[in-house]
């Protein structure tokens with residue numbers, strides 16, 4: 001019994017740290033929200049709207065496309081096709097993961113990942129970016145959005161099929177890792193596996209909090 005108490009206390013400490021991390025992430029989002037007034041824009045119905053004065057100021061700072069090419073290093077221009085060739089596997093991953101969760105998640109009882117929460121394509125609205133910069137920015141947003149969405153889909157899948165923490169150090173933890181069993185905790189794994197497989201209440205609660213109020 002005495003051996004189990006320190007382990008239980010360590011689990012509570014880890015859970016507390018993860019909750020604090022989640023709280024800090026929300027604080028960062030609130031701080032970013034405050035930038036709307038500072039840079040004269042607002043988000044309404046999923047669209048970004050700048051003031052007329054802000055747009056005029058942005059247009060004065062746009063870099064002409066020919067100057068953009070002239071100032072780019074030769075090796076950067078040379079590697080551009082390599083960068084853009086990555087769109088093929090990324091788009092394929094986007095398609096495969098969308099089909100996968102559409103087919104499998106209802107069977108497993110896992111809530112689907114909302115793709116639009118991860119693919120945020122809004123940088124093309126910045127008037128101080130030229131056409132090349134807009135394409136580059138939206139490409140980066142799409143690629144990172146697909147990878148983040150795929151990571152969340154994989155995380156929810158892992159929670160269902162193998163919710164066990166690693167013994168080896170991991171450089172990052174996905175959103176569902178805190179729900180996993182400790183490495184080597186065979187008793188809890190066998191006793192609580194079915195419960196953990198269906199423990200997605202926090203996702204449903206998050207959806208309710210984000211839902212617009214009437």
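A few comments on the model shown:
- Selection count where residues are closer than 18 Å to residue 197 by Cα and at pLDDT below 95, scope segment 78-107: 0
- For segment 55-100, a residue qualifies if it is in contact with a helix residue (DSSP H, G or I) (Cβ under 8 Å, 6 or more places away or on another chain), in contact (Cβ under 8 Å) with a residue 60 or more places away in the chain and not in a helix (DSSP H, G or I), and exactly one does: 63.
- Of all residues in segment 155-170, those that are without any contact (Cβ under 8 Å) to a residue 40 or more places away in the chain, touching a helix residue (DSSP H, G or I) at 6+ places or on another chain (Cβ under 9 Å) and closer than 28 Å to residue 91 by Cα total 4.
- If the condition is being at pLDDT below 75 and either under 16 Å from residue 120 (Cβ atoms) or over 19 Å from the mean Cα position of the chain (by Cα) (or both), then segment 26-38 contributes 29, 32, 33, 34, 35, 36, 37, 38.
The values are calculated or read from the model by the stated rules, or taken from the named source; none is laboratory data. Note that this is a predicted model, so its numbers are computed, not measured. When we count neighbours, we look across all protein chains shown, and the Cβ atoms used for this are built from the backbone with ideal geometry, even at glycine.
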